[in-house]
1. Keeping to region B:113-145, report how many residues are surrounded by fewer than 18 Cβ atoms within 10 Å (Cβ to Cβ) and more than 14 Å from chain C (Cβ to nearest Cβ).
2. Under 6 Å between Cβ atoms, which residue pairs at least 6 apart in sequence (or on different chains) link something in region B:128-142 that is on the phi > 0 side of the Ramachandran plot with a partner that is in a loop (DSSP other than H, G, I, E, B)?
3. Taking residue A:254 as the residue in question, decide whether it is within 14 Å of chain C (Cβ to nearest Cβ) and crowded, with 17+ Cβ neighbours inside 10 Å.
4. Out of B:94, B:1, report the one residue that is out of contact with any Ser or Thr (no Cβ under 9 Å at 6 or more places or on another chain), outside any helix (DSSP H, G or I) and surrounded by 14 or more Cβ atoms within 10 Å (Cβ to Cβ).
5. Looking at region A:285-324 only, could you name the residues that are farther than 22 Å from residue C:274 by Cα and within 13 Å of chain C (Cβ to nearest Cβ)?
6. I need the full set of residues from region A:131-186 which are more than 15 Å from residue A:201 (Cα to Cα) and part of a strand (DSSP E or B), in order please.
7. Mind checking which residues of region B:60-85 are within 14 Å of residue B:10 (Cα to Cα), in contact with a Lys or Arg (Cβ under 8 Å, 6 or more places away or on another chain) and either in a loop (DSSP other than H, G, I, E, B) or within 14 Å of chain A (Cβ to nearest Cβ) (or both)?
8. Is there any pair with a first residue in region B:150-162 that is in the same structural domain as residue B:136 (by TED's automatic domain parsing) and a second that is in a loop (DSSP other than H, G, I, E, B) and among the charged types (D, E, K, R) whose Cβ atoms are under 7 Å apart and which are 6 or more apart or on different chains, and what are they?
Amino acid sequence: MELTVSQVAKFISGKLEGDGSAPVYGVAKIEDAHEGEVTFISNPKYAKFIDSSSASAIIVGMDFPATDKTIIRTENPYVAFLRVLRYFHPQKEMLEEGIHSSAVIDPSVFVGDDTRIGAGVVIGKNSVIGKNCRIFPNVVIGEDVQVGDNTLIYANVTLREQVHIGRNVIIHSGTIIGSDGFGFAREGDIYHKIPQVGIVIVEDDVEIGANCTIDRATLGQTIIRKGVKLDNLIQVAHNVDIGENTVIAAQSGIAGSTKLGKNGIVGGQVGIVGHIEIGDYVTIAAQSGVSKPLASKTVVFGYPARPIMQAKREEAALRKLPDLLKRISELEDKIRRMEKE
Amino acid sequence: MELTVSQVAKFISGKLEGDGSAPVYGVAKIEDAHEGEVTFISNPKYAKFIDSSSASAIIVGMDFPATDKTIIRTENPYVAFLRVLRYFHPQKEMLEEGIHSSAVIDPSVFVGDDTRIGAGVVIGKNSVIGKNCRIFPNVVIGEDVQVGDNTLIYANVTLREQVHIGRNVIIHSGTIIGSDGFGFAREGDIYHKIPQVGIVIVEDDVEIGANCTIDRATLGQTIIRKGVKLDNLIQVAHNVDIGENTVIAAQSGIAGSTKLGKNGIVGGQVGIVGHIEIGDYVTIAAQSGVSKPLASKTVVFGYPARPIMQAKREEAALRKLPDLLKRISELEDKIRRMEKE
Amino acid sequence: MELTVSQVAKFISGKLEGDGSAPVYGVAKIEDAHEGEVTFISNPKYAKFIDSSSASAIIVGMDFPATDKTIIRTENPYVAFLRVLRYFHPQKEMLEEGIHSSAVIDPSVFVGDDTRIGAGVVIGKNSVIGKNCRIFPNVVIGEDVQVGDNTLIYANVTLREQVHIGRNVIIHSGTIIGSDGFGFAREGDIYHKIPQVGIVIVEDDVEIGANCTIDRATLGQTIIRKGVKLDNLIQVAHNVDIGENTVIAAQSGIAGSTKLGKNGIVGGQVGIVGHIEIGDYVTIAAQSGVSKPLASKTVVFGYPARPIMQAKREEAALRKLPDLLKRISELEDKIRRMEKE
């Protein structure tokens, strides 16, 4: 797996400045990289580490300042570094070929070529699993489920009946897709369950973290669109629609029937109320509580969430509030005295 | 499964106004309903959709305004609609009869009539499973567990030892009931584990969402009373007591030994501190942090949670605070000038 | 299992005051204890229950006031009580000896003496399980995993490849250790997955609650140090480092690469931003949002988190804000009038 620095530069179509003959055995972060390792600087705040680094080469941007260290210039250093990382750490095959003898696959299930299914997996009637999938041990897949090609489902995941999973999807362990939406019709003090007869659609290139819960629709569908990335422990309620390439950090929750636009960024532990629409390219800072629709390209923060500059102004003002109370009492005293005079 | 509109009206004991002869093939939401479908209006804000709807019949309340659309009047349109929904989408049977050959059921376990147990289920010694239950694949049930009749436990659930589950309960995938409470005795910097030797009781008609965690009591019991509905990813700590028919939205957490009254409504991502008592018919808005006891029928919001009208007044005032800072500086200037004069 | 009060006193090396001859059959909390039971008072606020208690003996501190009840004095009543609790509730053995026939253990796996492995457990290549472990049903352990002696892994846990678990560790059901960190390199609107090739290290004497998610490092390691206690539904992102004996309550989340010091106390539903350092002996109140580094021994609260005395002053001031608005309007009126004069 050894390469030279020159070979690395060629591999990522980068421009080498410095000694290309040094051997490269692996990759590391700039703070940790030693001789024989390639590293990168994408965020300028890490540039300070360059002088003390003994890395054999550093992948940097096209406009990175000149240095006497060996560098490889490229348009997107992070993405280039990823390619080198993947070279040295190829995805390891962790399931045996074929279907493990302890898996319980209904005879009506179709399993595509080169798909591997681990021990203890259970797949219900009429489900279709695409080509070249990896389904890890003790996953449970219900009836009438579709899983696209090249999809990876880690151990102990549950896919309930009629869920549709696209191609090149990754679902991490413990995640539940297609559980019943939380819907009840109230009659006095009693809640009657509303049957949840809709489905969940997870489109291509989605990644879903560990121990998430994605509820099926009441009627219709809950949909996670192409390229969405969800972190761990995220709640997606019934009939939610998450737009393409939106990224959501851990422990956030989206209430029923809300529609998120595409290319959004949602921080961790955010809560979004039900039945609202969020535009495209919206950023919601961590722990915010969103209770109203948001126009495209807005950046919000706080509880309740409001435009981030306003929220920060208000927060700064709140810091001054105890002092303000004193100033107002002083003003009142002065005025009282002036009135007496 | 086809009905006429008249038959639907009769089925829900409703009062038909309009053409009863049209055939009905299914149900849909008012925004989506087409000819051949029945829909409903319960919340007046959806009344605006009535004119553009091509539904063959609309279930409405007794006092809904007259219309030239075909309507069926009934006391509770939502509950009536549910009955029609269930008619067209009967609960599908998704487990084979009996106990799957790969399930590992201790010989001492009692399993009631008509109960179906899926592949890979494990049930420990002396547990008792009622009649007509459905236990989905890879569920693990410990020793001395009791599960009542007609209870449905979805895939990958864990019930630890000595847990009691009532009748007509639904437990969604990935939920853990009876894990150890989080209790330690501190001695200097070291924490000693407090054995958690209590139990969990889940009464009849409870529904628990996916990936929840309900800890067993330290001593005594954690109890989820009759008719409680929990959404996904909810934390219920040791010795908590949740009153009848209380509904809790996703990602909320209740700390140890807290007692919630009956008929409460708790929004999503709410946190409730330990060792307090919350009255009956209390509403706690989403993302609130409750740190003090709450009297019955209070409605609270915020962090820390306070009466909702007060919280909203304070929030509104906070919006004005940056402006207020300016007004006060102006006042101070004026007074200074007046004092000089 | 019956003891006398004298025997209990001797067992915990305590100083008996009162009748030592009464028999003891069990333990209970001070509010609940009856004749034949031993209880304790550690927190002075429970002292009020002493007069009405019919417990046969009460374990108290060395400086507890004199009483006519039978008491046993000891340095740490809580820890002493725990020893009595353990005597009456010894850890029950809940797995059969050896490895269940339905477990799928790769032939290359090493399993230590006296370890018990339940039904449906799957263990991948080259993993090493220590002595005297308990691995409950349907746990999935990947390749190259190490589990130390005396470790307890409850049902439906997933340990991904290369995870290292120490000795005397407890992992509750549904927890996922070693799932991929949430890391993507952005190129336009598309996110490229960053391979997560690091590991997770869980040191000795750690307890991890149910349905937690602990992600593997991107490169290097995520580390949970000796004696850490995590409650349920906690998110630990890639490359996080949690210091010795730190305790974290349920539903908290720590973003990537953040380092927590030792002996910290983190409340429930706390969020901590990525890439910061938190000192030793830090206390973070429930629901706080920590966005900046914290020095050792600080106590913070709020969103954003700030020193607790400051946060409380600001909160108190916020309560007065609506009233303040009126006072300022009055001042402005008065000044306007004075200016006219």
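The values are calculated or read from the model by the stated rules, or taken from the named source; none is laboratory data. Since the structure is predicted, the reported quantities are computational estimates derived from the model, not experimental observations. When we count neighbours, we look across all protein chains shown, and the Cβ atoms used for this are built from the backbone with ideal geometry, even at glycine.
1. Number satisfying all stated conditions: 5.
2. Filtered contacts from region B:128-142: B:132/B:114; B:132/B:149; B:132/B:150; B:138/A:138; B:138/B:120; B:138/B:155; B:138/B:156; B:138/C:138.
3. no
4. That would be B:94, the only listed residue that is out of contact with any Ser or Thr (no Cβ under 9 Å at 6 or more places or on another chain), outside any helix (DSSP H, G or I) and surrounded by 14 or more Cβ atoms within 10 Å (Cβ to Cβ).
5. A:304, A:314, A:316, A:317, A:318, A:319, A:320, A:321, A:322, A:323, A:324
6. The answer is A:134, A:135, A:140, A:152, A:153, A:184, A:185, A:186.
7. If the condition is that a residue be within 14 Å of residue B:10 (Cα to Cα), in contact with a Lys or Arg (Cβ under 8 Å, 6 or more places away or on another chain) and either in a loop (DSSP other than H, G, I, E, B) or within 14 Å of chain A (Cβ to nearest Cβ) (or both), then B:74 is the only one that fits.
8. What qualifies is B:150/B:167; B:151/B:167; B:160/B:216; B:161/B:143; B:161/B:144; B:162/B:144.
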